[in-house]
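Inspection log for the structure reproduced underneath, given as structure tokens.
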Amino acid sequence: MRKIISLLGKPCAGKGTLLRRFLEGKEDQYICVSFGDALRKEVEKETILGQQAKIYMEAGKLIPDYIIINIALGQIRKAPENMSLILDGFPRTAEQAEAAVEAKMGITHVVNVKISDEEAIARSANRVVCPECGESYTLNEYKKPKKEGICDRCGVKLVRRSDDKPEIIKERLESFNNYTIPAIKRMKDSGVEYLEVVL
Ligand code: ADP
């Protein structure tokens, strides 16, 4: 049966890591849409959407619902019917969840990767990412790249995410606690299968 999995979690909870582990050997069955990565690409390309999104993202705030809902609808429409989908970072507000249910987007599962606020703050201070593939590494020994400051896969220079600054991380955690928890509740009420994961 076709699955449409919504992957959610606080910043630095490990959604990317979980996704990579889960997809191993199943790459031909799943299409993965990362809303954060897609928006960062738009910002990089300086498209009209990117210019709008940048203001919200740099402040650690969520992008307006109508923009995100349109992206989600477009992605689901264009995915081949025989492929399952992973929506990384959707729905993140009760309004987005409502739209997903109303528009019968067909979300079958919600996976919530759990972490405490304190741990998220600590991990974000220690994280560098690849601007090309989105892979995360740590500055400490936990997950250092083979060559210092360089992505193991892409060979490009690792960067700090501008929204990993301590004051912005607090804002992103607030967004999760205030908006995404109600989104998860709305999805659970709609009858999807709900799973919690701790990494
Ligand atoms: P996080 O580590 O916070 O989960 P993401 O890479 O998923 O980061 O998202 C980065 C930013 O992109 C968010 O802080 C937000 O500004 C924007 N964004 C991503 N998904 C959504 C969404 N569903 N609704 C609104 N904004 C979003």
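Values in this text are rule-based calculations from the coordinates and carry no lab data. Bear in mind that the values here come from a model prediction, so they are computed numbers and not experimental data. As a convention, Cβ positions derive from the backbone with ideal geometry for all residues, glycine included, and neighbour counts pool all protein chains shown.
More than 29 Å apart: what percent of Cα pairs in the chain qualify? Kindly include the intermediate steps, with their values, before the conclusion.
Values: 4022 of 19701 pairs.
Result: 20 percent of Cα pairs exceed 29 Å.
What is the order of MET57, MET83, MET1, MET187, fewest Cβ neighbours within 10 Å to most? Kindly include the intermediate steps, with their values, before the conclusion.
Numbers: MET57 22, MET83 13, MET1 4, MET187 25.
The most exposed by this proxy come first: MET1, MET83, MET57, MET187.
With a 10 Å Cβ neighbour count serving as the proxy for reagent exposure, in which order, fewest first, do THR138, THR93 appear?
Working: THR138 14, THR93 22.
The order, fewest Cβ neighbours first, is THR138, THR93.
Exceedance of the 23 Å cut-off in Cα-Cα distance is limited, within the set LYS10/LYS188; LYS3/LYS185; LYS10/LYS104; LYS10/LYS146; LYS10/LYS157, to LYS10/LYS104; LYS10/LYS146; LYS10/LYS157.
Among the trypsin sites (Lys or Arg not before Pro) within region 79-158, those in coil by DSSP and having at most 16 neighbouring Cβ atoms inside 10 Å are LYS104, LYS143, LYS146, LYS147, ARG153. Taking other Cβ atoms within 10 Å as a rough exposure proxy, GLU102, GLU95, GLU119 sort from fewest to most as GLU102, GLU119, GLU95. Applying both filters, DSSP loop and at most 11 other Cβ atoms within 10 Å, to the GluC sites (Glu not before Pro) of region 1-75 gives GLU24, GLU27, GLU46. For region 86-127, list log₁₀ I(q)/I(0) at each q in 0.30, 0.34 Å⁻¹, using the Debye formula over Cα point scatterers of equal strength and ignoring solvent, two decimals each. So the normalised log intensities are -1.06, -1.18. Given springs between every Cα pair under 10 Å in a Gaussian network model of the chain, which of GLY149, GLY134, GLY74 has the largest fluctuation? Checking each option, the largest mean-square fluctuation is seen for GLY74. Taken about its Cα centre, the chain carries a charge dipole of roughly 360 debye when the Cβ of each Lys and Arg holds +1 and the Cβ of each Asp and Glu holds -1.
How about region 100-199: which chymotrypsin sites (Phe, Trp or Tyr not before Pro) there lie in a loop by DSSP and see at most 11 other Cβ atoms within 10 Å? Write out the running numbers ahead of the final one.
Details: sites: TYR137, TYR142, PHE176, TYR179, TYR194; in loops: TYR142.
Listed in order of number, the matching sites are TYR142.
Of all beta bridges that DSSP places with both ends in the chain, some 20 percent have antiparallel geometry. Under a Gaussian network description of the chain, with springs only between Cα atoms under 10 Å, the residue in LEU39, LEU158, LEU139 that fluctuates furthest is LEU139.
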